[in-house]
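Accompanying notes for the structure given below.
The values are calculated or read from the model by the stated rules, or taken from the named source; none is laboratory data. A quick note: this is a predicted structure, and the numbers were derived from the prediction, not measured. Cβ placement follows ideal geometry from the backbone for every residue including glycine, while neighbour counts extend to all protein chains displayed.
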Amino acid sequence: MALFNKTKEELLPEQFPEHIAFIMDGNGRWAKKRGLPRKFGHREGAKTFKKITRYCKDIGIKNITFYAFSTENWKRPEDEVSAIIELFREYIVDVRNYIGEEVRVLFLGDKTIFDDDLQKKMNDLEEDTKDYNKMTMLLAINYGGRDEIVHAAKILSEQVKRGEIQPDEITEDMFQKYLYTADVPDVDLMIRPSGELRLSNFLIWQSAYAEFYFTDVLWPDFSPNELDKALIEFGKRSRRFGGV
């Protein structure tokens, strides 16, 4: 806690959320406000991603997930999509720096749409970091919440078809094992900058009891201080999980 001044130390919650999810929104608008192509906003957003990742690790957050590219984002202009994928390639190289810090890396979404070389880099990074436990960092790319649920349902339906399980034996816990986030705890705090007030098909199963924090700050301007504000607000919430 030495990272904070005394006033902020007193305001921050005693117990941080175990899992924070970020919807990295507002990169294009950030660039447009400055008369720049949208891809420049994504590059600035990537810098914010690195700062927030480092800060979360420093203060002891155990699990963080970033919504980088959705299944719907393929509809965007081709040059913007290409810029995002190129940033992602750079990210995979850069994230190797975290291996020495024992950070586990997971990719959420359908990887098969990417070329073989990129798939291999993603799989190798997951394999090389699978035993690390200082922090788990998840990056959702070509990800959709509904698609994830359908993917899990198909796996279970195949097991039923083969006679390995009966339909009435399926439980929530069993279903959750086939989500991309299988062994990662559910989201405690969902943060969306940029002024939008929706989930946009992100971690819709895992966020069933998440606390939501929305801010008008665009993602490239989202700072550790903005995260502190979200954590302070989180500390004020009463989480009853359906109880009294």
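Quick look at the values:
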{"quantity": "Residues (under 26 Å from Asp25 (Cα atoms), in a helix (DSSP H, G or I) and not hydrophobic (A, V, I, L, M, F, W, C)) located in segment 96-122", "calculated": "Arg96, Asn97, Tyr98, Lys111, Thr112, Gln119, Lys121"}
{"quantity": "Top-ranked residue of segment 203-240 - restricted to ones that are of a type in the set (Phe, Trp, Tyr) and over 15 Å from Arg192 (Cβ atoms), ranked as modelled with the highest pLDDT", "calculated": "Trp205"}
{"quantity": "Test for Arg89: is it of a type outside the set (A, V, I, L, M, F, W, C), farther than 30 Å from Phe16 by Cα, assigned to a helix (DSSP H, G or I) and touching a helix residue (DSSP H, G or I) at 6+ places or on another chain (Cβ under 9 Å)", "calculated": "yes"}
{"quantity": "Number of the condition not met by Thr7 [criteria: (1) at pLDDT 80 or above; (2) in a helix (DSSP H, G or I)]", "calculated": "(1)"}
{"quantity": "Tally, over segment 123-161, of residues that are under 23 Å from Trp205 (Cα atoms), of a type outside the set (Ser, Thr, Tyr), assigned to a helix (DSSP H, G or I) and out of contact with any helix residue (DSSP H, G or I) (no Cβ under 7 Å at 6 or more places or on another chain)", "calculated": "13"}
{"quantity": "Cβ-Cβ under 9 Å pairs, at least 6 apart or on other chains, segment 177-206 side under 20 Å from Thr71 (Cβ atoms), far side assigned to a strand (DSSP E or B) and of a type in the set (Asp, Glu)", "calculated": "Val187/Glu211; Met190/Glu211"}
{"quantity": "Segment 162-213, subset assigned to a helix (DSSP H, G or I) and either within 13 Å of the chain's Cα centre (by Cα) or charged (D, E, K, R) (or both), residue surrounded by the most Cβ atoms within 10 Å (Cβ to Cβ)", "calculated": "Glu169"}
{"quantity": "Candidate set: segment 40-89, residues that are among the basic types (Lys, Arg) and in contact (Cβ under 8 Å) with a residue 40 or more places away in the chain; chosen: the one farthest from Glu14 (Cα to Cα)", "calculated": "Arg43"}
{"quantity": "Members of segment 13-41 that are under 24 Å from Pro185 (Cα atoms) and either surrounded by fewer than 17 Cβ atoms within 10 Å (Cβ to Cβ) or modelled with pLDDT under 80 (or both)", "calculated": "Pro13, Glu14, Gln15, Glu18"}
{"quantity": "Residue, surrounded by the fewest Cβ atoms within 10 Å (Cβ to Cβ), within segment 50-75, restricted to residues that are assigned to a helix (DSSP H, G or I) and in contact with a Leu (Cβ under 9 Å, 6 or more places away or on another chain)", "calculated": "Asp58"}
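Per-residue answers, yes or no, for (1) farther than 17 Å from Asp183 by Cα; (2) surrounded by 17 or more Cβ atoms within 10 Å (Cβ to Cβ); (3) at pLDDT 90 or above:
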site: Ala83; (1), (2), (3): yes, yes, no
site: Arg89; (1), (2), (3): yes, no, no
site: Arg96; (1), (2), (3): yes, no, no
site: Ile99; (1), (2), (3): yes, no, no
site: Leu125; (1), (2), (3): yes, yes, yes
site: Asp131; (1), (2), (3): no, no, yes
site: Met135; (1), (2), (3): no, yes, yes
site: Gly145; (1), (2), (3): no, yes, yes
site: Glu148; (1), (2), (3): no, yes, yes
